[in-house]
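Enquirer: Below: one structure in structure tokens.
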Amino acid sequence: MESRREVLYDVKVGQTTHPGLWLDKYLEKQVEGGGDNAKKPHFQDAAQYPVPAAYTTFFERWQKALDAAGARSHVAKAQGRLVIGLGGESVLETAITLHHTYGVPYIPGSALKGLAARYVRTRLDEKWREGSEAYKILFGETTEAGYITFFDALYIPGSSKGDRPLALDVITVHHPDYYQGKDSAPADWDSPIPVPFLSAIGSYLIALHGAGNWVEAAFEILSLALKEEGIGAKTSSGYGRMLLDNVTLSTETTLPIPKEPYAVAKRRLLSEKPPTGRSRGTLGRLPKPSYGFINPVRGGSQMFVHESQVRSGKPLRKGQIVEYQIGQHDGRTQAQDVEILLEPDLLHQGGK
């Protein structure tokens, strides 16, 4: 049965062919009922697709943007083949996740986050389990996002043979009638049906952004999950295994809980009830290094504070969470006996 319009019948795969477009729009023939049909050469043509030069330029820009944003990255090398998006929407029986513009395979950040979250829930101890503070910090919850950003993992140019990251693969259904619910038991005389599909190979750049110690913990979790469980489809058959380079692993069940990110600690300290006679707030304006003004957590006028009133003798810095008593000096209301509870997160305030 013809499946391509006549005017496009002689179109062949070339250097500029987009494999996603090719798969969706250019199947020549279709044999009703499946079987070893025209799909195999169609997938085979797509697997010959070389990474375009423009993608290399795009990837280099992407890396620079990640570095500028303060993200950390590690290379993840596929130990065999990856099947990402196999069950996605497709005009064919199978699908694969490809970059919309360049047609290159990639791993969505949502897939990496989901894999890490599943590993935490099923393999780590209760300090990391769903509902714990550590879990909320890494992955968020229904009312609040997590503090770690999982970026899409892009294919690294030149990391596969001939810079061709797609490979022809096959699923063989040995007992089609049985799996379709027909009144037929699986037997040795059944006719297997080979179903061609595309898998991915090569290395991918995994990048995360957030508080440094939490990013390190997330990379440890991802490294264990990618190595032991794999990502994508058919992981029970060995697909999806990857190795992350330069990641030091702790014992998986005793992975230490990192220090709270600044935003989490700030929220906790400002929501707690301070001791009787004391107040809390965030240091705001600093007209001079020696003095500034506190924004009280309960609102109201700013409170003057001088560095001579700080218990530890540490310098005043914008963003510090402080606890203090309200007193008088030279007829002026000001903060006294000041304790610095939390230093500011300079990374997220543009400081160094």
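The values are calculated or read from the model by the stated rules, or taken from the named source; none is laboratory data. Here the structure is a predicted model, which is why all the values come from computation and not from measurement. Neighbour counts are summed over all protein chains in view; Cβ atoms, including those assigned to glycine, are modelled from backbone coordinates with ideal geometry. These accessible areas exclude ligands, DNA and RNA; they are computed on the full protein's heavy atoms, side chains included. Shrake-Rupley method; radii C 1.70, N 1.55, O 1.52, S 1.80 Å.
Enquirer: Would you work out which of Gly284, His209, Ser191 lies farthest towards the positive end of the dipole of segment 186-334, given +1 charges on the beta-carbon of Lys and Arg and -1 on that of Asp and Glu, about the Cα centre?
Expert: Of the listed residues, the answer is Gly284.
Enquirer: So for segment 162-249, averaging the separation of alpha carbon pairs under 8 Å that are six or more residues apart and normalising by length, what relative contact order in percent results?
Expert: Values: 91 pairs, mean separation 19.3, N = 88.
The value is 22 percent.
Enquirer: Between Arg268 and Gln44, 0.36 nm times their residue separation minus their Cα-Cα distance comes to what?
Expert: Numbers: separation 224, 0.36 × 224 = 80.64 nm, distance 5.65 nm.
Length gained between Arg268 and Gln44: 75.0 nm.
Enquirer: Follow-up. Distances longer than 28 Å among the Cα atoms of the chain: what percent of all pairs is that?
Expert: Numbers: 36450 of 61776 pairs.
Here the tail beyond 28 Å accounts for 59 percent of pairs.
Enquirer: Related question: Note down the magnitude of the dipole of the chain about its Cα centre, charges +1 on Lys and Arg C-beta and -1 on Asp and Glu C-beta and zero elsewhere, to the nearest 20 debye.
Expert: Numbers: 41 positive and 40 negative charges, 342 e Å.
Computed charge dipole of the chain: roughly 1640 debye.
Enquirer: Once you put a point 7 Å from the Cα of Lys127 and another 7 Å from the Cα of His174, both along the Cβ direction, what distance in nm separates them?
Expert: 4.6
Enquirer: Taking Cα pairs under 8 Å and at least six residues apart, what relative contact order does the chain come out at, in percent?
Expert: On the way: 632 pairs, mean separation 55.1, N = 352.
Normalised by residue count, the contact order of the chain is 16 percent.
Enquirer: Can I ask one more? Taking the C-alpha atoms of segment 96-254, how large are the radius of gyration and the largest Cα-Cα span, Dmax, in Å?
Expert: 19.1, 59
Enquirer: Pairing the Cα long axis of helix 262-271 with the longest principal axis of the chain, what angle in degrees results, from 0 to 90 and rounded to the nearest 10?
Expert: So the helix axis and the longest Cα principal axis differ by about 50 degrees.
Enquirer: Quick one: angle between helix 53-68 and the longest Cα principal axis of the chain, in degrees between 0 and 90, rounded to 10, please.
Expert: Its long axis makes an angle of about 20 degrees.
Enquirer: Compute the helix-to-body angle for 109-123: its Cα long axis versus the longest principal axis of the chain, expressed 0 to 90° and rounded to tens.
Expert: It is inclined by approximately 80 degrees.
Enquirer: Over the Cα atoms, compute the radius of gyration (one decimal) and Dmax (the largest Cα-Cα distance, rounded to a whole number) for segment 66-141, in Å.
Expert: 16.0, 44
Enquirer: What list of ³J(HN,Hα) values in whole Hz, one per residue of segment 79-90 in order, does the Karplus curve 6.51 cos²θ - 1.76 cosθ + 1.60 (θ = phi - 60°) give from phi, with Gly and Pro shown as x?
Expert: Per-residue couplings from phi come out as 7, x, 10, 10, 10, 9, x, 4, x, x, 5, 7 Hz.
Enquirer: Continuing with the same structure: Please state the charge dipole magnitude for segment 43-109, taken about the Cα centre, from unit charges on C-beta atoms (+1 on K and R, -1 on D and E), reported in debye and rounded to the nearest 20.
Expert: Numbers: 5 positive and 5 negative charges, 68 e Å.
Rounded to the nearest 20 debye, it is 320 debye.
Enquirer: Another one. What does the accessible area per residue of the chain come to in Å², with a 1.4 Å probe and no ligands, DNA or RNA counted? Don't skip to the end; give the middle numbers.
Expert: Numbers: 19020 Å² over 352 residues.
With the other protein chains kept in place, the chain gives 54 Å² per residue.
Enquirer: Can you give the accessible area of His329, probe radius 1.4 Å, in Å² rounded to 10?
Expert: The value for His329 is about 100 Å².
Enquirer: Stokes-Einstein D for segment 217-319 at 37 °C, 0.692 mPa s, Kirkwood Rh over Cα pairs, in µm²/s? If you can, show how the numbers build up before the last one.
Expert: Numbers: Rh = 18.1 Å.
Taking Rh from Cα pairs, D becomes 181 µm²/s.
Enquirer: Okay, moving on. Ranked from the most accessible area to the least, with a 1.4 Å probe and all protein chains present, what is the order of Asp45, Asp163, Asp67?
Expert: Numbers: Asp45 65, Asp163 35, Asp67 105 Å².
Highest to lowest solvent-accessible surface, that is Asp67, Asp45, Asp163.
Enquirer: Say the dipole of the chain comes from +1 at the beta carbon of Lys and Arg and -1 at that of Asp and Glu; which of Phe151, Ile231, Pro258 then lies farthest toward its positive end?
Expert: Pro258
Enquirer: Of Ala95, Ile321, Leu243, which is farthest towards the positive pole of the chain's charge dipole, taken about the Cα centre with +1 and -1 on the beta-carbons of Lys, Arg and Asp, Glu respectively?
Expert: Of the candidates, Ile321 comes out farthest on the positive side.
Enquirer: In what order, largest first, do Glu93, Glu323 sit by accessible area if the probe radius is 1.4 Å? Present the calculation step by step, with values, prior to reporting the outcome.
Expert: Working: Glu93 120, Glu323 10 Å².
Output order, biggest surface exposure first: Glu93, Glu323.
Enquirer: While we're here: Give the accessible area for Leu27 in Å² (nearest 10); use a 1.4 Å probe, count only protein heavy atoms, and leave out ligands, DNA and RNA.
Expert: Ignoring ligands and nucleic acids, Leu27 comes out at about 20 Å².
Enquirer: If you roll a 1.4 Å probe over the chain with all protein chains in place, what percent of the accessible area is carbon or sulfur? The partial results should precede the final answer.
Expert: Working: 9480 of 19020 Å².
In the chain, the share of accessible area belonging to carbon and sulfur is 50 percent.
Enquirer: Using 0.36 nm times the number of residues separating Leu21 and Arg298, minus their current alpha carbon distance, what extension gain do you get? Could you put the intermediate results ahead of the total?
Expert: Values: separation 277, 0.36 × 277 = 99.72 nm, distance 5.76 nm.
Taking Leu21 through Arg298 to full extension adds about 94.0 nm, to one decimal.
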